[in-house]
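*Asks:* The structure is given below, and queries will be raised subsequently.
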Amino acid sequence: MNVFHFFLQHHEEILELTLEHLWLVGISTVLAVLIGIPLGILSAHWPVWNKPVLGTANIIQTIPSLALFGFLLPVPWIGARADRLAILALTLYALLPVIRNTYTGIRGVDPSVVEAGRGMGLTGRQLLFQVELPLAVSVILSGIRVAVVVSVGLATIAAAIGAGGLGEFIFRGLAMVNNQLILAGAVPAAVLALSADFGLGWLERRLQPR
Amino acid sequence: MRTISTNGPVIEFRDVLYVLPNGQMLLRSLNLQVQRGETLVLLGRSGSGKTTTLKLINRLLNPSGGEVRVNGAPTAESDVIRLRRSIGYVIQDVGLFPHFTVERNIGLVPRIEGWSSNRIHSRVEELLQMVGLDREIASRYPHQLSGGQRQRVGVARALAADPSILLMDEPFGALDALTRDQLQREFLSLQQRLNKTVVFVTHDLREALRLGSRIALMEGGRLVTVLPPQDFLRSTDSLAAAYVQAFGEGLNSVATRGSE
């Protein structure tokens, strides 16, 4: 039986696990954006926060993913369900690129533009929402794109703690030494990562300020 | 209610100090008055404190000591956002918002001040005409403009909400000589019509002589002297004389070369 037949036969399960995968990645990315962008703004505007915020996000990034899942297991409420745990871990990993690119994007706004805005009497909020964020948006999006692509890959490991997703196939395939099973997980994951990369990359170019 | 006096100086520095956090003193006990409708030029080398002086007026910087007054009221006590919106600000790099059209750039302050879009639109047209730009430029983006056009838009933007005070920090410094000359000429005729109180920073004596009603010469964070242009040329002050000589020599050397 070739891979193609295998895919046809198991298409329902593949679809289900792909959706589960998307859900894990989607929720964690949304959380990372909601937390990461404000933290990026904070460190861009108040240099005191720059080191602690980016430093912490950097350290989290260096923890091996399997170990991070293990560390989070004893945490109350979070550790009680595998999907919560997976989402938290994925969120933590996705934070760094979002924070770093928000920081870089805002710091990269031409200082004379910021000075003119302040001199004209824009409030801090007006400057942020009308000038800094719109000018930083493509850099921030590129951070989100990196976060999504990395999360798609990392989320396969979430199956190790029973959180589901396409990693199920991969772990099953590894255990049974079945390449078709591994491919059933790896191919859709790769397609997800590539389409996210392509789609967000396109959006990024569209929103690129002149 | 704050009372706005009409006969006193529009801008006044009283024993103003400005010290950086590292202890470096950029301005020492500055006393200076700017009268209504005059163009006061702050002339000096880089590091002389002229830009610092300018930024103390719209509170982009706050004095470490002393007091700055605008229309009789200490700026430290005024609302900083209201203060800045009542003062036009033009800088060398213009700082146009690259993601806004010319029209939105010029109309930004009126818009956040809640003007109706009709009023903003006609104001933008009026301003474009005032600074010598075609009205069809309104829909362009800053990167589609030449340097001279950009600075004209910068001036129009500063004038948008009709401030009585205009601060200009080397506005023509980055332009080529011909464009600069043209903009200086236009500035003079604009100023004749609008009669704003202008504080103008430059390191170019010729520009100072041409545009200023008075020239405030600064050096090392101190105000050396304040003189009308014609007195500046005759001044016995050594620094003023050095300036006149430096600029005069440039002209003379060309003149002598030409006659050989």
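*Asks:* Restricting the first residue to region B:221-238 and requiring it to be under 16 Å from B:ARG45 (Cα atoms), which pairs with a second residue that is open to solvent by less than 100 Å² (accessible area, probe 1.4 Å) and outside any strand (DSSP E or B) meet a Cβ separation below 6 Å and a spacing of at least six or different chains?
*Replies:* Listed by first residue and then by second, the contacts come to B:GLY221/B:GLY49; B:VAL224/B:LEU239; B:THR225/B:ASP237.
*Asks:* Further question: Filter region B:180-237 down to the residues that are of a type in the set (Gly, Ala, Ser) and open to solvent by 50 Å² or more (accessible area, probe 1.4 Å), then identify the one that is nearest to the chain's Cα centre (by Cα).
*Replies:* Ranking the candidates gives B:SER213 first.
*Asks:* Quick check on region A:8-30. Is at least one of its residues in a helix (DSSP H, G or I), within 30 Å of B:LEU108 (Cα to Cα) and free of Cβ contacts under 8 Å to residues at least 40 places away in the same chain?
*Replies:* No, there is no match, as no residue in region A:8-30 is in a helix (DSSP H, G or I), within 30 Å of B:LEU108 (Cα to Cα) and free of Cβ contacts under 8 Å to residues at least 40 places away in the same chain.
*Asks:* Quick one: how many residues across region A:166-180 are hydrophobic (A, V, I, L, M, F, W, C) and either touching a residue at least 60 places away in the same chain (Cβ under 8 Å) or in contact with a strand residue (DSSP E or B) (Cβ under 9 Å, 6 or more places away or on another chain) (or both)?
*Replies:* Total satisfying the criteria: 2.
*Asks:* Within region A:105-129, restricting attention to residues that are open to solvent by 40 Å² or more (accessible area, probe 1.4 Å) and in a loop (DSSP other than H, G, I, E, B), which residue is farthest from the other protein chains (Cβ to nearest Cβ)?
*Replies:* Here the residue is A:GLY108.
*Asks:* A further question on this structure: Looking for whichever is among the hydroxyl-bearing types (Ser, Thr, Tyr), more than 14 Å from chain A (Cβ to nearest Cβ) and within 28 Å of A:THR123 (Cα to Cα) here; the options are B:SER78, B:SER29, B:SER48, B:SER64. Which one fits?
*Replies:* Matching residue, one of B:SER78, B:SER29, B:SER48, B:SER64: B:SER64.
*Asks:* Can you pull out every residue in region B:85-116 that is crowded, with 23+ Cβ neighbours inside 10 Å and more than 9 Å from chain A (Cβ to nearest Cβ)?
*Replies:* Matches in region B:85-116: B:VAL102, B:ASN105, B:ILE106, B:GLY107.
*Asks:* Now, a different point. What about B:ILE57, is it more than 14 Å from every other protein chain (Cβ to nearest Cβ), under 30 Å from B:ARG119 (Cβ atoms) and among the β-branched types (Val, Ile, Thr)?
*Replies:* no
*Asks:* Looking at region B:117-154 only, could you name the residues that are open to solvent by less than 50 Å² (accessible area, probe 1.4 Å) and either basic (Lys, Arg) or in contact with a Gly (Cβ under 8 Å, 6 or more places away or on another chain) (or both)?
*Replies:* Hits for region B:117-154 are B:ILE120, B:ARG123, B:VAL124, B:ARG152, B:GLY154.
*Asks:* Determine if region B:160-170 includes at least one residue that is within 11 Å of chain A (Cβ to nearest Cβ), in contact (Cβ under 8 Å) with a residue 24 or more places away in the chain and within 14 Å of B:VAL102 (Cβ to Cβ).
*Replies:* Scanning region B:160-170 turns up at least one residue that is within 11 Å of chain A (Cβ to nearest Cβ), in contact (Cβ under 8 Å) with a residue 24 or more places away in the chain and within 14 Å of B:VAL102 (Cβ to Cβ).
The values are calculated or read from the model by the stated rules, or taken from the named source; none is laboratory data. A quick note: this is a predicted structure, and the numbers were derived from the prediction, not measured. Cβ atoms come from the backbone with ideal geometry, glycine included; neighbour counts cover every protein chain shown. Each accessible area value is taken on the protein alone, full model and side chains, heavy atoms only, with ligands, DNA and RNA left out. Shrake-Rupley method; radii C 1.70, N 1.55, O 1.52, S 1.80 Å.
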